[in-house]
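Step one of this worksheet: look at the structure below.
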Amino acid sequence: MGRSGFEGVIDDRYMDLFSATWLLILHSVLMSLDEGMMMKKKLCLLPIIAAVASVVNMPAYSKQTIYSDGERRVDIGGRAHLQYVLRDPDNGMTTDDIGFRRLRVEIDASIAKNWDAQIEWDFGEGSSLDTNNGESNGELVDGYIQYNFDNGRKLRWGHTRVVQFSRSDNTSSNNSHQVERTLVGNNDSGVPGRQTGVGWYGERKDTSKFIWDIGVAFAEIDPANNQIDFDSEVSSDALNSEGLLVGGRVQYFPMGYFKESHDNFSRESKLGFALAAYNWDNDGDQRGLDPDAPDIENITGLELSSAYRGYGWSIEAQYNKFNAEAVTADLGKISGPTIFAANGDADLDVYAVEVGYMLVPEKFQVALSYAGQDADPYAKEFTQTQIGATYFVKRHDIKFQGTYRMEENVDGVVGNDNNTFFIQAQYLY
């Protein structure tokens, strides 16, 4: 079947030329940020440009079945996110890093009808790309057992997103508009992320209109003045506080279910709404009593979000509200940039709007996002603006992304501004 419009112009014969042009555009933008500074960085960009170009002609396979015999099956897959980051804070030194933001290996296995298990490790840099610290030794990302009901529902227990909260966090890092998530998907801004527990997931098929998910988990909080920082049993620290996390989520899709992925390859019109809530309670189990930051006794979280797909557009809107309460005995630790009021209570409001549009169907997407975070003690709202573009070689299996992020009044401190530039090559296998 032939292709029309721009798709007909960009065929396989010109794929390499188009890729090279896209890379040169990214390089030119980066150079224009600060010509004098970037001349010194030019050599640092060459390795990532060469690495990005080298994967253009490689095949992508998203999970491969390496063994199958009746009800027994083993699949293997993973992701490689090679990333270059240039940080330029207004009040600080400009730094840059290059390395694997994520380098994961995933194994899915089944030994009986309706039963599955998954384990996934990350050998990349994790949540903060810093190649000076070296890469991880294989931290557990997901590890769970799952029972699949005949009606399409799933019961899952282990370490994963058992409590479904935040449309942004539930959208895989493989399928995002921007290289990095906005504030509404940040585990430092009240989003629980992956925890250890049990989750029940409603049926998800093209005709589904209502979906219910519930979960319960043991979750950890890393005490901090300026954030609600969720950790997990996997990344546990001796000073963390442990508590019980219970949450639920309901979603409505008036035109049928669609996956949480920032694209509109199908060009179909879809609309979705979600309401989610959770409660985390420490019940006095502060394991280490951090000497420098307040321990949290209780947190409630609320999410309202929506998404639209159609005519090449991919739009997300989300609002999160968090109420937290510090342990009374720890109120003396509250100082400096903080989300906590003098009585130990915290009200944190976080929101984001993300818009993407396919300029060239299935090949080239541009995106813009704006996010904000506010708390009563903030002198001024913390805002985050991102401008990005994605070139798809093979949809999300092979793609290249660039994002320029501008942050103002970080942690509510006036003048605490950061500019960050990301280039990422993604390969799924």
- request: State whether the residues of region 262-270 include one that is at pLDDT 95 or above, in contact with a helix residue (DSSP H, G or I) (Cβ under 6 Å, 6 or more places away or on another chain), of a type outside the set (A, V, I, L, M, F, W, C) and closer than 16 Å to residue 317 by Cα.
  value: yes
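Suppose the filter is in contact (Cβ under 8 Å) with a residue 40 or more places away in the chain, in contact with an Asp or Glu (Cβ under 9 Å, 6 or more places away or on another chain) and of a type in the set (A, V, I, L, M); does residue 299 pass it?
Taking the combined requirement at face value, the residue satisfies it.
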task: Return yes or no: is residue 284 under 28 Å from residue 380 (Cβ atoms), assigned to a loop (DSSP other than H, G, I, E, B) and not acidic (Asp, Glu)?
output: no
- prompt: Based on what the data block shows, is residue 390 assigned to a strand (DSSP E or B), β-branched (Val, Ile, Thr), surrounded by fewer than 20 Cβ atoms within 10 Å (Cβ to Cβ) and in contact (Cβ under 8 Å) with a residue 24 or more places away in the chain?
  reply: no
- prompt: How do the pairs read when you match residues in region 232-255 that are more than 22 Å from residue 121 (Cβ to Cβ) and charged (D, E, K, R) with residues anywhere that are in a loop (DSSP other than H, G, I, E, B) and modelled with pLDDT under 95, using Cβ under 6 Å and keeping only pairs 6 or more apart or on different chains?
  reply: 242/285
message: So in region 251-271, with the set limited to residues that are under 18 Å from residue 164 (Cβ atoms) and of a type in the set (D, E, K, R), which one is surrounded by the most Cβ atoms within 10 Å (Cβ to Cβ)?
response: 260
task: Scan region 393-428 residue by residue and report those that are surrounded by fewer than 19 Cβ atoms within 10 Å (Cβ to Cβ), more than 25 Å from residue 228 (Cα to Cα) and free of Cβ contacts under 8 Å to residues at least 60 places away in the same chain.
output: none
field: Subset of region 136-165 (residues that are more than 24 Å from residue 273 (Cβ to Cβ), surrounded by fewer than 16 Cβ atoms within 10 Å (Cβ to Cβ) and of a type outside the set (A, V, I, L, M))
entry: 136, 137, 138, 139, 147, 149, 150
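Rundown of residues vs (1) under 28 Å from residue 350 (Cβ atoms); (2) touching a Leu at 6+ places or on another chain (Cβ under 6 Å); (3) not hydroxyl-bearing (Ser, Thr, Tyr), yes/no style:
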site	(1), (2), (3)
147	no, yes, no
152	no, no, yes
157	no, no, yes
168	yes, no, no
179	yes, no, yes
184	yes, no, yes
188	yes, no, yes
193	yes, no, yes
- line: Taking region 216-244 and the residues there that are more than 20 Å from the chain's Cα centre (by Cα), of a type outside the set (Ser, Thr, Tyr) and under 12 Å from residue 299 (Cβ atoms), the one that is surrounded by the most Cβ atoms within 10 Å (Cβ to Cβ) would be 243
message: Against the condition at pLDDT 95 or above, outside any strand (DSSP E or B) and not small (Gly, Ala, Ser), how does residue 191 come out, does it pass?
response: yes
message: Restricting to region 309-336, and then to whatever is basic (Lys, Arg) and at pLDDT 90 or above, can you tell me which residue is nearest to residue 175 (Cα to Cα)?
response: 309
- request: Run down 189, 176, 168, 172 and say which single residue is under 14 Å from the mean Cα position of the chain (by Cα) and loosely packed, with under 15 Cβ neighbours inside 10 Å.
  value: 172
- request: Go through the residues of region 197-212 one by one and say whether even a single one is in contact (Cβ under 8 Å) with a residue 40 or more places away in the chain, outside any loop (DSSP other than H, G, I, E, B) and either under 30 Å from residue 343 (Cβ atoms) or of a type in the set (D, E, K, R) (or both).
  value: no
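The values are calculated or read from the model by the stated rules, or taken from the named source; none is laboratory data. Keep in mind that this is a model prediction, so the values were computed, not measured. With ideal geometry, Cβ positions are generated from the backbone for all residues, glycine too; neighbour counts draw on all protein chains shown.
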